[in-house]
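To start, the structure under review is shown below, and the notes come after it.
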Amino acid sequence: MGSSPEPVETSSFLSLTGALATSIKGHRIQPEHTKSLPTFYRNLEEALDTKRASDSFYATLPTGGPDHAGSVDFSSGDVMSMARNPEHRKEFLAELATHPEFALGTTSTRLMDGNYSYIEKAEADIAAFHGVEAGLIVHSGFEANVVIWTTIPKQGDVIVYDDSVHASTNDGIRQSMATDRVAFPHNDVDAFRGTLRDILATRPLVRQGKRSVLVAVESIYSMEGDICPLQELLDASQDVFQDHQGGIQFVVDEAHSGGWIGPGGRGLVCELGLEKEIAVVMHTFGKATGAAGAIILGSKSIRDTAINFGRPIMFSTAPTFPFVAAITSGCKVLSTKDHDRQRIQDMSRLFFELLTSHELWETAKSKGILRVPLADGWEDRVVNTHLLAIFTRPKSFWWMYYHLLSAGYRTFPASYPAVPPGQSRLRVIIHAHNTEEQVEGFVDAIYAWVQEMLDIEAGTATGTVTKAAKEVYDLMRREQVTGFGIV
Ligand SMILES: Cc1ncc(COP(=O)(O)O)c(C=O)c1O
């Protein structure tokens, strides 16, 4: 019998039974015996080992998300605190009660026996709420983007997209019939204008009005937290395409603005009064609405196109009644929550105020220990979103994450492939359920870490790594894994 491993002292949030330990264990490169597995499984494990070796192995975490005992949520997508909202639950149960004969399953696609009047009414109501002609509910935002980009652009059309669009838009574009695709630098209106001029000059079919340009943007970018300059992009497109009316159309993904921005949470397009200008708007229900699924909004032609050419619509069982009932009840409750929308803005402003007025802010910035792009000009911004990204030096990225986790603050450590290689960051989400004390505590915890980093650099600290990082590294040694910032 081997000797039992020495106990490791950890803070409660870095425990051996917690989510972090599960991740760490998942990163253990497979032992020698996997070499004798049948070829099929050996190949799977070899592919997984390349993820393990690059700190990017994912495991589902039973203790992750809201069950992460006692930690403060600056991570989940439950922006408007709707996922566990008792009002939402009550409305959902009322929807079920008023339709006591509802079917649990749809058993077929929308185009066969799977369609039903309740889903059509929900689509019509949501479309009316957003001031558009038609809507099509699908199982997820990912599916919606794949359907949009594989059905709407036709051969010869040109797709222009912000280089920070979500993976689902990238996947949809990659599968699109329109093989002419041009990315423009994130939120850069001048570059966008230049791209359009170039397209008009070099694509005769577009110039002749025989083919269209389709633009992919998001209202709020999930890994940056900044807002799309939609009006400016639209103005630029109208400038360049003034003699080619209708030759350029926008598709706006409102995954992070739906339910949160604008009166009633209608999203950015409605907030700017652009309902009639934007061809396709996509809202998801898995974040602010506290349900799941998505809706593709636009004209009847758009809906018909999605139904007639969208393979996930044609070949997949329709969304069920309880699924749509959760969307209906979520939308109903969410539309009454202007107070919470304002609160999130206030919390976001409080965060920036505390962050930028701290005595260590300038030092931390100048030494590259902290970089928060949205902290620039936060006072003058009309809307500060609920999303923001915190960068540090690449080598210290995991240390910052461990430190905050150890102090009880949950953030999302976004690394490749969620963001481009070398651009890891902590993605922070401020929710309606976050209190002022939590925001203050969070900023205090960030600066406690900055101070530790400064002490280490000055040689006045006891060790050469931060305390939380040391705890994690002890855990890793015990689990015999490397990675996660161990260089
Ligand atoms: C911008 C954006 N679009 C689409 C999606 C996919 O939505 P869903 O989670 O409903 O599949 C996400 C999910 O995070 C997103 O951030």
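The stretch 300-372 and the stretch 84-108 have Cα centres spaced 24 Å apart.
In which sequence would Tyr409, Tyr402 go, from the one with the fewest C-beta neighbours within 10 Å to the one with the most?
Values: Tyr409 24, Tyr402 28.
The fewest-first ordering by Cβ neighbours comes to Tyr409, Tyr402.
Classify the chain from the C-alpha gyration tensor, please: rounded if a/c falls under 1.5, else prolate or oblate depending on whether a/b exceeds b/c.
The shape class here is prolate.
Given an 8 Å cut-off on Cα distances and at least 6 residues of separation, report the relative contact order of the chain as a percent.
On the way: 831 pairs, mean separation 104.2, N = 487.
After rounding, I find 21 percent.
The calculated FRET efficiency for the pair Thr202 and Gln245, based on their C-beta separation and a Förster distance of 25 Å, comes to about 0.80. Ranked for footprinting exposure by Cβ neighbours inside 10 Å, fewest first, Phe184, Phe309 give Phe309, Phe184. Ranked by the mean number of other Cβ atoms within 10 Å of their residues, highest first, the peptides 372-381, 166-175 fall in the order 166-175, 372-381. Using Cβ point charges alone (K and R +1, D and E -1), the dipole size of the chain about the Cα centre works out to roughly 1280 debye.
Pairs over the 20 Å Cα-Cα cut-off, from the set Lys154/Lys300; Lys287/Lys365; Lys121/Lys276; Lys51/Lys470; Lys287/Lys337: Lys287/Lys365; Lys121/Lys276; Lys51/Lys470.
With the helix formula -39500 (n - 2.57) applied to DSSP H stretches of n ≥ 4, the chain reaches a computed 222 nm mean residue ellipticity of -12500 deg cm²/dmol.
Remark: the stretch 71-76, residue by residue, has Karplus-estimated 3J(HN,Hα) of 7, 8, 7, 10, 10, 5 Hz, where x stands for each Gly or Pro and the curve is 6.51 cos²θ - 1.76 cosθ + 1.60 at θ = phi - 60°. For the stretch 69-149, applying the loop criterion from DSSP together with a ceiling of 16 other beta carbons within 10 Å to the GluC sites (Glu not before Pro) yields Glu101, Glu133.
Going by neighbour counts of Cβ atoms within 10 Å, the residues Asp304, Asp157 line up, fewest first, as Asp304, Asp157.
Out of all DSSP beta bridges in the chain, what portion is antiparallel? Express it as a percent rounded to 5.
Antiparallel: roughly 45 percent of the beta bridges in the chain.
A straight Cα-to-Cα reach below 18 Å connects Lys467 with the lysines Lys395, residues fewer than 8 places away in its own chain not being considered.
Every number in this text was worked out from the coordinates using simple rules, so none of it is lab data. If you're wondering where the values come from, they're calculated on a predicted model, not measured in any experiment. As a convention, Cβ positions derive from the backbone with ideal geometry for all residues, glycine included, and neighbour counts pool all protein chains shown.
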